[in-house]
Amino acid sequence: MVQLQENLELFEGIDADLYAISTDTPANSKSLKEAGAFTFSFLSDQSFEVLEHVNMRNDQMSYRGVSILDKNGNYVFHQVNDHWGEQIEVVASIVVDEFEKMNK
């Protein structure tokens, strides 16, 4: 998540809200957000409702990676990638490309 925070400018060209989604408790998510001074939103999904919707549920955990929803909340795209942070420039390029496809 540090890589995302440090590279938010890679996502400035798209009209999107960025979220970190985990199965952590809301209190843990809030603590992590505050400790890291992250400026994007954190979402606690202990019921896996959102993670299932975006195809990122991995048994009793979440996959690491990215998902895209359209402005109506409909699932559009996901990519499982345990190394998304290390590959943030590549991941950002994929996200921007998927947004361009979605908005054609």
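The values are calculated or read from the model by the stated rules, or taken from the named source; none is laboratory data. Being a predicted model, the structure only gives us computed values, none of them experimental. In this analysis, Cβ positions are derived from the backbone assuming ideal geometry, glycine residues included, and neighbour counts consider all displayed protein chains.
General remarks:
- Residue check for ALA35: part of a helix (DSSP H, G or I) and of a type outside the set (Ser, Thr, Tyr): yes
- Close pairs from region 5-17: first closer than 11 Å to ILE88 by Cα, partner among the aromatic types (Phe, Trp, Tyr) and surrounded by 14 or more Cβ atoms within 10 Å (Cβ to Cβ), Cβ under 8 Å, at least 6 apart: GLN5/PHE38; GLN5/PHE40; LEU8/PHE40
- Of all residues in region 45-65 being acidic (Asp, Glu) and under 14 Å from the mean Cα position of the chain (by Cα), the one that is surrounded by the most Cβ atoms within 10 Å (Cβ to Cβ): ASP45
- Among the residues here, LYS71 qualifies as basic (Lys, Arg), within 22 Å of VAL91 (Cα to Cα) and loosely packed, with under 14 Cβ neighbours inside 10 Å.
- The numbered conditions (1) among the aliphatic types (A, V, I, L, M); (2) part of a helix (DSSP H, G or I); (3) out of contact with any Gly (no Cβ under 8 Å at 6 or more places or on another chain) are all true for VAL66 except (2).
- Pairs where the first residue, in region 25-38, is within 20 Å of GLU6 (Cβ to Cβ) and the second is of a type in the set (Phe, Trp, Tyr) and surrounded by 13 or more Cβ atoms within 10 Å (Cβ to Cβ), C-beta under 9 Å, 6+ apart: SER29/PHE42; LEU32/PHE38; LEU32/PHE42; LYS33/PHE40; LYS33/PHE42
- Whenever a residue of region 76-98 is surrounded by 16 or more Cβ atoms within 10 Å (Cβ to Cβ) and in a loop (DSSP other than H, G, I, E, B), its partners that are at pLDDT 95 or above and of a type in the set (Gly, Ala, Ser), lying with C-beta atoms within less than 8 angstrom and at least six residues away or across chains, give the pairs ASN81/GLY65; TRP84/GLY65.
- Residue check for LEU51: touching a strand residue (DSSP E or B) at 6+ places or on another chain (Cβ under 9 Å) and at pLDDT 95 or above: yes
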